[in-house]
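A.B. asks: Below is the structure I would like to discuss, written out as structure tokens.
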Amino acid sequence: MEIEKIFNNLNILINNSYSPYSNFKVAAIVEGEDEKFYQGVNIENASFGATICAERSAISSCISSGNKSIKNVYLLTNMDRFIYPCGICLQFISEFLDSNGSIYIFTKSKEYKQYKLSELILAPFIKKDLKNE
Ligand SMILES: [Zn+2]
């Protein structure tokens, strides 16, 4: 999907954000290894710790649909500056993002920046860290 269409889809999707407490709206689209696109929004909760970010929401949908990895992540917030994924989401993304995949971050005025995961998280905890070698 071309970048213009992705932005337009994010711009519609962000209206589904459930954010009555912060009014901070986030939409995420991830591309699965099946080359389909999966959507997520942030979903807040009165018990704040139960809140889920848009990135993890979209990735959960992608993985639940049978994918084992994701090709790219696309993010939009309702802010007119670049907002980056939180640490929990960077860790979550690190489990699934292809090594040649990117994270695209949009502002609401359609500017975007493209990052490699390694530019946003220095040393994620990964599978091999669990092995006693
Ligand atoms: Zn997050």
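A.B. asks: Go through the residues of the range 92-114 one by one and say whether even a single one is over 22 Å from I3 (Cβ atoms), surrounded by 13 or more Cβ atoms within 10 Å (Cβ to Cβ), of a type in the set (F, W, Y) and touching a strand residue (DSSP E or B) at 6+ places or on another chain (Cβ under 9 Å).
C.D. replies: The answer is no, given that none of the residues of the range 92-114 is over 22 Å from I3 (Cβ atoms), surrounded by 13 or more Cβ atoms within 10 Å (Cβ to Cβ), of a type in the set (F, W, Y) and touching a strand residue (DSSP E or B) at 6+ places or on another chain (Cβ under 9 Å).
A.B. asks: Residue by residue through the range 71-97, note down the ones that are of a type in the set (K, R) and closer than 14 Å to Q114 by Cβ.
C.D. replies: Listed by number, the list holds a single entry, K71.
A.B. asks: Any chance the range 13-21 includes a residue that's aliphatic (A, V, I, L, M) and within 13 Å of the ligand (Cβ to nearest atom)?
C.D. replies: No, the range 13-21 contains no residue that is aliphatic (A, V, I, L, M) and within 13 Å of the ligand (Cβ to nearest atom).
A.B. asks: Hey, another quick one. So which residues in the range 1-21 are without any contact (Cβ under 8 Å) to a residue 24 or more places away in the chain and not in a loop (DSSP other than H, G, I, E, B), if there are any at all?
C.D. replies: Of everything in the range 1-21, those that are without any contact (Cβ under 8 Å) to a residue 24 or more places away in the chain and not in a loop (DSSP other than H, G, I, E, B) turn out to be E4, K5, N8, I12, N15.
A.B. asks: Looking only at the range 68-90, count every residue that is away from the ligand (no atom under 11 Å from the Cβ) and in a loop (DSSP other than H, G, I, E, B) and tell me the total.
C.D. replies: Total satisfying the criteria: 7.
A.B. asks: On to the next question. Of all residues being of a type in the set (F, W, Y) and part of a strand (DSSP E or B) in the range 104-133, which is nearest to I70 (Cα to Cα)? Just the residue, please.
C.D. replies: This residue is Y104.
A.B. asks: Go through the range 22-67 residue by residue and tally those that are within 15 Å of the ligand (Cβ to nearest atom), surrounded by fewer than 23 Cβ atoms within 10 Å (Cβ to Cβ) and assigned to a loop (DSSP other than H, G, I, E, B).
C.D. replies: 7
A.B. asks: Residue by residue through the range 115-133, note down the ones that are surrounded by 10 or more Cβ atoms within 10 Å (Cβ to Cβ) and in contact with a helix residue (DSSP H, G or I) (Cβ under 9 Å, 6 or more places away or on another chain).
C.D. replies: L117, L120, I121, P124, F125, I126
A.B. asks: Looking at the structure I just gave you, is G101 assigned to a strand (DSSP E or B), of a type outside the set (V, I, T) and more than 11 Å from the chain's Cα centre (by Cα)?
C.D. replies: yes
A.B. asks: Turning to a different aspect of this structure: Does I70 satisfy being surrounded by 19 or more Cβ atoms within 10 Å (Cβ to Cβ), within 22 Å of E4 (Cα to Cα) and of a type in the set (A, V, I, L, M)?
C.D. replies: yes
A.B. asks: A further question on this structure: If you check F82, F96, which single one turns out to be closer than 30 Å to D129 by Cα, modelled with pLDDT of 95 or more and hydrophobic (A, V, I, L, M, F, W, C)?
C.D. replies: Answer to the check: F96.
A.B. asks: Now a separate question. Check the range 70-79 and report whether any residue there is over 12 Å from the mean Cα position of the chain (by Cα) and closer than 30 Å to D129 by Cα.
C.D. replies: For the range 70-79, residues over 12 Å from the mean Cα position of the chain (by Cα) and closer than 30 Å to D129 by Cα: absent.
The values are calculated or read from the model by the stated rules, or taken from the named source; none is laboratory data. This is a predicted model, so every value here is computed, not measured. Every residue, glycine as well, gets a Cβ built from its backbone with ideal geometry; the counts of neighbours run over all protein chains shown.
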